[in-house]
Amino acid sequence: MSLSRVASRVIPVLVVLAGATVAPAAQASVFGVFTTAGELTTVRYGAAAAVLRNGKVLIAGGQDGSGATASAELYDPATGSFTSTGDLTSPREWGTASVLPSGKVLIAGGEDGSGATASAELYDPVLGVFTATGDLKALHKRVSSAVLRNGKVLIAGGQDGGWGVTASADLYDPAKGSFTATGSLATPRNGAAVSVLPNGKVLIAGGWNGSSGVVASAEIYDPATGSFTATGPLTSPHEWATASVLPNGKVLIAGGWNGDDSAELSGIVASADLYDPATGSFTSTGDLTSPREWGTASVLPNGKVLIAGGRNYLGVVASAELYDPARHSFTPTGGLAVGRDDATAALLPNGKVLIAGGWNGDPLASAELYTPTPPAKPGKPTVKWALNKKKRLVTATVDSVRGVSYKLTASLGRKTKTGKCKTRRSKNVCGLAPGKGKWLFSLTPHNAGGNGRANVKAMKL
């Protein structure tokens, strides 16, 4: 493995099996599947990727095995194919990609093949071309970006021109097409997890500080003041972990490296933390089924998080898993056909996830689509029916089942009326007072797989 593949440390040669793939673990249940999704126009890893307003995916730059590349391409979900688009103004790997309110994409920082670059450019989806925009005020490579509510883009930390780590932060203003310095991180950090919180602030957690090693500290950037303040810390150090904002507003930080090369297999971790913006604290939340770093993380429409690929000290992994926020646990799901780390991941408008390129001993051109498998439709519920004759009120009580909702309806000829359902402890109670007559009541269960078989009861009111 070349030194260009190592973000902040030297991997013990006797431990890493270059190009090896760790097969997915045996799975008791599968909640989704990966299928092939065509080939990139060129092999690449460390590329920048963004989902455009039209649903297509831009994949730009990266490393093609001989150096940083300026090529870029588009994936079209409608045709399932990749096609070339305009080239970057200069070769770039490990840059950032940020979709601006205008629909254009800001590509900034990274390496241009000779070292870190401060250059930045804009991709116009309408014209299919890249044009230069203002330069960063400081060198940033291997760093994440965050699009703020005001449309500006924060780029903070990362590596500087050499192997050093920076605490500087830049803010890009699309209206002016330029960068300005904004505050400074409380601690330099590279490989940190970056997330925009529901309140508009930015969480920056963990990473490597270049001196004392991987840190557990975290901080918050406030766009209103342009400053960073401490929060957290993580329950344990993480670098190159994944970060995912959940539907409930909390942030999942999973996997990564804890800073201990001597630990071999335990240096890359399976631990995961949840950050609660309301309390400003992290708590442990289950463990990954497989330790991994440099994997991808995608929040699915059902609120679960798909974590796929990456690597551990045995090599590149093909396994994938799902985090369930309701159960605070990880479960294996269908594995990748090809192990890959440093790949791009994009959640498509149809709810599928495109994972493209990456590294597996050599740069990859292959791509895969993850399709979530909906659960089986619920079975016919066991219902306790009750009638309050005085109020002509019918109630249907059923045991609560995770992920299942219920709908109570009553029909009389062409008349149809719908009741209301409430959850009371471990029960779902639905009530309906449709009026006088002989009605046919139906309690129908529903989950992500669709409507199940209804429990039907005829009653005269």
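Quick check on my filter: what residues within the stretch 105-118 are touching a residue at least 24 places away in the same chain (Cβ under 8 Å) and open to solvent by 30 Å² or more (accessible area, probe 1.4 Å)? Across the stretch 105-118, the qualifying residues are ASP112, GLY113. Only strands (runs of 3 or more DSSP E) whose full extent lies in the stretch 144-221 are considered here, and the ones with at least 3 residues that are within 21 Å of SER98 (Cβ to Cβ) and open to solvent by less than 10 Å² (accessible area, probe 1.4 Å) are 153-156, 168-173, 202-205. Based on what the data block shows, is LYS422 open to solvent by 50 Å² or more (accessible area, probe 1.4 Å), closer than 19 Å to GLY449 by Cβ and touching a strand residue (DSSP E or B) at 6+ places or on another chain (Cβ under 6 Å)? So LYS422 fails the test.
Does VAL353 meet the test of being among the aliphatic types (A, V, I, L, M), without any contact (Cβ under 8 Å) to a residue 60 or more places away in the chain and within 30 Å of GLY255 (Cα to Cα)? Answer is yes for this residue. In the stretch 41-54, the qualifying residues are those that are of a type outside the set (A, V, I, L, M, F, W, C), within 22 Å of the chain's Cα centre (by Cα) and surrounded by fewer than 20 Cβ atoms within 10 Å (Cβ to Cβ), and the one that is nearest to LYS141 (Cα to Cα) is ARG53. Count of the stretch 55-84 residues, restricted to those that are buried (at least 22 other Cβ atoms within 10 Å of the Cβ) and hydroxyl-bearing (Ser, Thr, Tyr), is 2. Considering only the stretch 274-283, I want to know if a residue exists there that is open to solvent by less than 20 Å² (accessible area, probe 1.4 Å), at pLDDT below 95 and part of a strand (DSSP E or B). Scanning the stretch 274-283 turns up no residue that is open to solvent by less than 20 Å² (accessible area, probe 1.4 Å), at pLDDT below 95 and part of a strand (DSSP E or B).
When LEU387, LEU306 are checked against the criterion of being open to solvent by 60 Å² or more (accessible area, probe 1.4 Å) and part of a strand (DSSP E or B), a single residue qualifies: LEU387. A single member of GLY351, GLY361, GLY403 is touching a Pro at 6+ places or on another chain (Cβ under 6 Å) and surrounded by fewer than 17 Cβ atoms within 10 Å (Cβ to Cβ), and it is GLY351.
The values are calculated or read from the model by the stated rules, or taken from the named source; none is laboratory data. It should be emphasised that the depicted structure is a prediction, and the values quoted were computed from it without experimental measurement. Every residue, glycine among them, receives a Cβ derived from its backbone with ideal geometry; neighbour counts consider all protein chains shown. Just so you know, the surface numbers come from the protein's heavy atoms only, side chains and all, with ligands and any DNA or RNA stripped out. Shrake-Rupley method; radii C 1.70, N 1.55, O 1.52, S 1.80 Å.
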